[in-house]
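Engineer: Below is a structure I'd like to ask you about.
The values are calculated or read from the model by the stated rules, or taken from the named source; none is laboratory data. The shown structure was predicted, so the numbers you read here are calculated from the model rather than taken from an experiment. Counting neighbours? That spans all protein chains shown, and the Cβs are built from the backbone with ideal geometry, glycine included.
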Amino acid sequence: MKKQTVDVGAYIWPAYSGKELRNHIFWPAGEGEWETVKKATAKFEGHTWPRRPLLGYQDEADPRVMEEQIKLARAHGVNVFIYDWYWYDGRAFQEQCLNDGFLGASNCKDMKFYLMWSNHDANCVWDRRLSSTPADCGTVVWTGKVNEETYREIGLRWIEKYFCLENYYRIDGKPVLAIYELKNLIEGLGGIENTVRLMNWLDEEARARGLGGVHFQLIHWGGKGKIKNLSGVDSGAVILHDQMLVDLPFESSTNYQYTHVTGINRPYSEVQADVEAEWDRMTALSDKLYCPHVSLGWDNNPRYATEFRPNILRDTTPENSEAALRAARDHAITTGAPLVTVNSWNEWTESSYLLPDDLNGYAYLEAVKKVFVEES
C-alpha cells in the first residue's frame with residue numbers, strides 16, 4: 001500500500017458492546033446501542049431507515065472483531081481511530097471497546113489511535129424509551145464536568161494507559177488529546193485561569209515521562225461554540241470558541257460534525273460550501289493548526305421511537321462524501337495539516353458511518369480509499 005500524504009482519523013463511538021454494565025440503563029438488552037439500531041424505523045416516505053450492518057451486530061469490545069475492522073480500515077485508507085472517551089460518576093465509562101477490543105487486537109499496532117475526551121453531559125437521548133419526550137430527553141443522567149482533583153486523576157490515567165503506547169497518535173512528537181466540550185471543561189475546573197494551569201500541568205506531567213508533552217486539540221463548534229461561565233461562577237459575559245483557541249494552550253483544532261458548524265437541514269452540497277468556507281476561516285484565524293473535517297451525514301432519528309426530528313443532512317451520498325474528502329485532503333496538503341477527521345467509523349444512530357451497510361455497501365470506505373490511497 002502506498003504511503004498516504006495525509007492521515008485519516010475516524011471517530012469511534014464505543015457503545016456497540018454489552019460489556020459496560022452501566023450501558024444497560026440505556027440499552028437493557030445488554031448489547032449496547034445495537035438495540036437502538038435494530039429498532040429503528042422509517043419516519044416518513046423515502047426515509048432511508050432502517051439500515052443494517054453488513055458485518056452483523058458485532059461486539060466491538062471483542063478483539064477478534066476489531067482485528068477485522070482494523071484490516072478493513074487500513075485497506076481503505078483510514079489509519080487513525082479517534083476513540084470517544086468518557087468519565088462519569090467518578091470512573092471511566094465505556095472503555096471496553098478501546099481496552100479490550102482495539103488494544104486487545106493482535107494487529108492493533110497497525111493502527112494509530114487517540115482520545116477525544118467526550119466530556120459532555122449524558123442525558124436520556126441514549127434511551128429510546130424516553131427520548132421521544134423532549135422534556136425527558138434533556139434530563140441529565142451524569143454531568144461531564146469534573147473538578148481539579150478528578151481532572152488530575154483522569155490525566156494520569158491517560159498518560160499511564162494510553163499516551164505512552166507505541167501506536168498512540170502524535171503530532172510533532174506529542175500525544176494528541178482532543179477535547180469535545182470546552183464549556184464543561186472551563187466550568188468544571190473553575191474558570192479560564194485554572195483551565196490553563198491544569199492543561200499546562202498535564203503537559204508537564206507528560207514531558208516528565210519522556211512523552212514530549214501533550215498536543216491539545218480543540219473540537220471547534222464555529223459560531224455555535226459559545227462559553228458564558230468564564231470565571232467559573234455565573235457570569236453574563238459570552239465568548240466564542242475562536243478566542244479560547246487563541247487564549248488556551250491548544251495547538252490544533254478540528255470539528256466533530258457539520259451540524260455543529262452550520263445549518264444542515266438542506267442538501268449536502270450547500271452545507272459543504274459553508275464548511276469549506278469555515279476551513280478557510282479557521283486556517284486564517286490563528287497560527288494554530290487546523291485539521292479539516294468531513295461529516296458523512298446527520299440523522300439521529302433512530303434514537304427517537306416515534307417523534308420525527310427534522311434536522312437532517314440531505315443527499316448524503318458516497319459520491320458527495322468523496323468530493324468532500326478530496327477537498328479536505330487538498331486543504332490539508334495546502335496548509336500543512338497532517339490529518340483529516342471524519343465522522344465517523346460507526347455512528348450508526350446518527351447516520352454517519354464508514355462501516356458497510358445494506359444501503360450503500362462499502363461505498364463510503366471505497367470513497368476514502370480512492371481519495372487517500374489511490375490518488376496519493
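Engineer: Listed residues 146, 141; which is surrounded by fewer than 18 Cβ atoms within 10 Å (Cβ to Cβ) and either in a strand (DSSP E or B) or in contact with a Gly (Cβ under 8 Å, 6 or more places away or on another chain) (or both)? Steps first, please.
Structural biologist: Details: 146 fails: surrounded by fewer than 18 Cβ atoms within 10 Å (Cβ to Cβ).
One residue alone meets the criteria, 141.
Engineer: Looking at (1) loosely packed, with under 15 Cβ neighbours inside 10 Å; (2) on the phi < 0 side of the Ramachandran plot, find the lone condition where residue 46 falls short.
Structural biologist: (2)
Engineer: Please enumerate the residues belonging to segment 314-365 that are closer than 18 Å to residue 40 by Cα and of a type outside the set (D, E, K, R).
Structural biologist: Within segment 314-365, 346, 348, 349, 351, 352, 353, 355, 356, 359, 360 qualify.
Engineer: Oh, and also: Being surrounded by fewer than 22 Cβ atoms within 10 Å (Cβ to Cβ) and among the acidic types (Asp, Glu), is that true of even one residue in segment 324-335?
Structural biologist: Yes, because at least one residue in segment 324-335 is surrounded by fewer than 22 Cβ atoms within 10 Å (Cβ to Cβ) and among the acidic types (Asp, Glu).
Engineer: Can you pull out every residue in segment 289-307 that is assigned to a loop (DSSP other than H, G, I, E, B), touching a Leu at 6+ places or on another chain (Cβ under 6 Å) and closer than 18 Å to residue 219 by Cβ?
Structural biologist: 291, 298
Engineer: Only residues that are of a type in the set (A, V, I, L, M) and farther than 23 Å from residue 341 by Cα: list them for segment 160-193, please.
Structural biologist: Looking only at segment 160-193, we keep the residues that are of a type in the set (A, V, I, L, M), and these are 165, 171, 176-179, 182, 185-186, 189, 192.
Those that are of a type in the set (A, V, I, L, M) and farther than 23 Å from residue 341 by Cα: 186, 189, 192.
Engineer: Can you list the strands (runs of 3 or more DSSP E) found entirely within segment 65-124 that contain at least 1 residues being in contact (Cβ under 8 Å) with a residue 60 or more places away in the chain and buried (at least 23 other Cβ atoms within 10 Å of the Cβ)?
Structural biologist: 80-88, 112-117
Engineer: Going residue by residue through segment 295-311, is there one that turns out to be more than 23 Å from residue 49 (Cα to Cα) and exposed (fewer than 14 other Cβ atoms within 10 Å of the Cβ)?
Structural biologist: No: zero hits.
Engineer: Is one or more of the residues making up segment 225-235 under 30 Å from residue 315 (Cα atoms) and assigned to a strand (DSSP E or B)?
Structural biologist: yes
Engineer: Any residue at all in segment 220-236 that is touching a Phe, Trp or Tyr at 6+ places or on another chain (Cβ under 9 Å) and either modelled with pLDDT of 95 or more or aliphatic (A, V, I, L, M) (or both)?
Structural biologist: Yes.
Engineer: List every residue pair whose Cβ atoms lie under 6 Å apart, where the two residues are 6 or more positions apart in sequence or sit on different chains, the first residue falls within segment 187-209 and is within 17 Å of residue 117 (Cα to Cα) and at pLDDT 95 or above, and the second residue, located anywhere, is assigned to a helix (DSSP H, G or I) and of a type in the set (Ser, Thr, Tyr).
Structural biologist: 189/195; 198/151
Engineer: Pairs, please: C-beta under 6 Å, at least 6 apart or cross-chain, first residue more than 18 Å from residue 92 (Cα to Cα) and among the small types (Gly, Ala, Ser) and in segment 1-27, second at pLDDT 95 or above and assigned to a strand (DSSP E or B)?
Structural biologist: Note: pairs meeting the criteria are 9/80; 9/82; 9/339; 9/341; 10/342.
Engineer: From the set of residues in segment 180-213 that are farther than 19 Å from residue 146 by Cα and among the aliphatic types (A, V, I, L, M), which is surrounded by the most Cβ atoms within 10 Å (Cβ to Cβ)?
Structural biologist: So the residue we want is 206.
Engineer: Could you please find all residues in segment 349-369 being part of a loop (DSSP other than H, G, I, E, B) and under 20 Å from the mean Cα position of the chain (by Cα)?
Structural biologist: Across segment 349-369, the qualifying residues are 351, 353, 354, 355, 356.
Engineer: Condition (residue is touching a helix residue (DSSP H, G or I) at 6+ places or on another chain (Cβ under 9 Å) and surrounded by fewer than 17 Cβ atoms within 10 Å (Cβ to Cβ)) applied to segment 249-264: is it met by at least one residue?
Structural biologist: There is at least one residue in segment 249-264 that is touching a helix residue (DSSP H, G or I) at 6+ places or on another chain (Cβ under 9 Å) and surrounded by fewer than 17 Cβ atoms within 10 Å (Cβ to Cβ).
Engineer: In addition: Name the one entry in 31, 60 that is in contact with a Gly (Cβ under 6 Å, 6 or more places away or on another chain), among the acidic types (Asp, Glu) and in contact (Cβ under 8 Å) with a residue 60 or more places away in the chain.
Structural biologist: 60
Engineer: Based on what the data block shows, is residue 271 surrounded by fewer than 19 Cβ atoms within 10 Å (Cβ to Cβ) and either out of contact with any Gly (no Cβ under 7 Å at 6 or more places or on another chain) or assigned to a strand (DSSP E or B) (or both)?
Structural biologist: Values: surrounded by fewer than 19 Cβ atoms within 10 Å (Cβ to Cβ): no; either out of contact with any Gly (no Cβ under 7 Å at 6 or more places or on another chain) or assigned to a strand (DSSP E or B) (or both): yes.
Answer is no for this residue.
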